[in-house]
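A.B. asks: Here it is: the structure, laid out below.
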Number of protein chains: 2
Amino acid sequence: MNTTPKLRTYSISDLAKEFDVTTRTIRFYEQQGLLNPARQGQTRIYSPKDRVRLMLTLRGKRLGFSLAESKELFDMYDSTTEGDEKQLLYMLNILEKKQADMRQQLRDIQRLQEELNNAEERCRDALSKVRVGKRQKQKTG
Amino acid sequence: MNTTPKLRTYSISDLAKEFDVTTRTIRFYEQQGLLNPARQGQTRIYSPKDRVRLMLTLRGKRLGFSLAESKELFDMYDSTTEGDEKQLLYMLNILEKKQADMRQQLRDIQRLQEELNNAEERCRDALSKVRVGKRQKQKTG
DNA sequence: ATTTTCCTTTACGTAAACGTCAACCTTGAT
DNA sequence: ATCAAGGTTGACGTTTACGTAAAGGAAAAT
């Protein structure tokens, strides 16, 4: 039975275009241990798994994760099957911390959204006043 | 009529303690134009407004805003009253972009929360299996 | 009086996350 | 054959957000 069906592959520039990053960035992520592309000669060949990792890494970045943090999560996740008790408890600990971070961020975002709405309203008010002023000027001038 | 009631003030270390940052950080933020403390001789005296700005700056950081971005938002907000039409439209533009950012972050966070939950579950499973294994060993050993 | 305790400025150092060459394959198209 | 397009490895440069002394003033506690 064939347990490893041949999956899609991607070139470095494929991924660069898809995620709007430079190839330099992708090679840097590999150097930092976040990606593990196969090689065809010298050339890097990326699997769907690499692609997902890149995606997760970039999302992590948007959420303020350092590359090292993302790598730690990847490594931990990969070793869940072989991890010993201590490792697993450590991982649960980290996961709980990340969840707490995310809860905090949710609060932060919600507050900021309110404030942005307020600022927008205030801004629209100021704008309509400016425009009324302009009309008055036209009339009198 | 006294339109400027004397409000609470804070020393630099007051704020440093409250927000768990170093005084170096606070001085740096001033240098970058984010804070504008009064002076008593050489010593900096922080107003509630400064305190709020520090708070907002730090929250911005947690959400991935650079100091320059936060400063831009502060400056814009301060000038809403005097801003001309062009300025105001520009500001609305920026605000809409930030809102879009925040919507994206919300999605990011929700996905990550799901994945963290999955990872946690997987981790607990692995943990219980490890523990069962231990018990079996005790019995047989 | 002198020693802490805060505060100040100035200035150089640093880690993270890439950007930006340079110098070099290789491979398909003209 | 050559040449443009895309790939590779160094290696040094850059920005952001501070850290870390160094050197000193001023006030409060002993």
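A.B. asks: Out of A:E18, A:E85, report the one residue that is among the charged types (D, E, K, R), assigned by TED's automatic domain parsing to the domain that holds A:I109 and more than 12 Å from DNA strand C (Cβ to nearest atom).
C.D. replies: A:E85
A.B. asks: Filter the stretch B:28-37 for residues that are more than 16 Å from B:S13 (Cβ to Cβ) and touching a residue at least 12 places away in the same chain (Cβ under 8 Å); which is least open to solvent (accessible area, probe 1.4 Å)?
C.D. replies: Out of the qualifying residues, it is B:L34.
A.B. asks: Would you check if there is a residue in the stretch B:84-95 being under 30 Å from the mean Cα position of the chain (by Cα), of a type in the set (A, V, I, L, M) and over 30 Å from A:G133 (Cα atoms)?
C.D. replies: Checking the stretch B:84-95: not a single residue is under 30 Å from the mean Cα position of the chain (by Cα), of a type in the set (A, V, I, L, M) and over 30 Å from A:G133 (Cα atoms).
A.B. asks: Could you go through the stretch A:2-10 and let me know if any residue there is modelled with pLDDT of 95 or more, within 13 Å of DNA strand C (Cβ to nearest atom) and open to solvent by less than 70 Å² (accessible area, probe 1.4 Å).
C.D. replies: There is no residue in the stretch A:2-10 that is modelled with pLDDT of 95 or more, within 13 Å of DNA strand C (Cβ to nearest atom) and open to solvent by less than 70 Å² (accessible area, probe 1.4 Å).
A.B. asks: Would you pick out the residues in the stretch A:94-130 that are open to solvent by 100 Å² or more (accessible area, probe 1.4 Å) and either in contact with a His (Cβ under 7 Å, 6 or more places away or on another chain) or farther than 29 Å from B:G64 by Cα (or both)?
C.D. replies: Listed by number, the list holds a single entry, A:K129.
A.B. asks: Which numbered condition trips up B:M91, out of (1) within 11 Å of another protein chain (Cβ to nearest Cβ); (2) over 21 Å from A:C123 (Cα atoms); (3) buried (at least 16 other Cβ atoms within 10 Å of the Cβ); (4) not acidic (D, E)?
C.D. replies: Every condition holds for B:M91 apart from (2).
A.B. asks: Same structure, new question: So, B:D84, is that one more than 7 Å from chain A (Cβ to nearest Cβ) and open to solvent by 20 Å² or more (accessible area, probe 1.4 Å) or not?
C.D. replies: no
A.B. asks: I'd like the full set of residues that are surrounded by fewer than 16 Cβ atoms within 10 Å (Cβ to Cβ), within 19 Å of B:R24 (Cα to Cα), among the small types (G, A, S) and within 14 Å of chain A (Cβ to nearest Cβ), limited to the stretch B:38-74.
C.D. replies: B:S66
The values are calculated or read from the model by the stated rules, or taken from the named source; none is laboratory data. Small disclaimer: the values here were computed from a predicted structure and weren't measured. When we count neighbours, we look across all protein chains shown, and the Cβ atoms used for this are built from the backbone with ideal geometry, even at glycine. Surface accessibility is based on the protein's heavy atoms, side chains included, excluding ligands, DNA and RNA. Shrake-Rupley method; radii C 1.70, N 1.55, O 1.52, S 1.80 Å.
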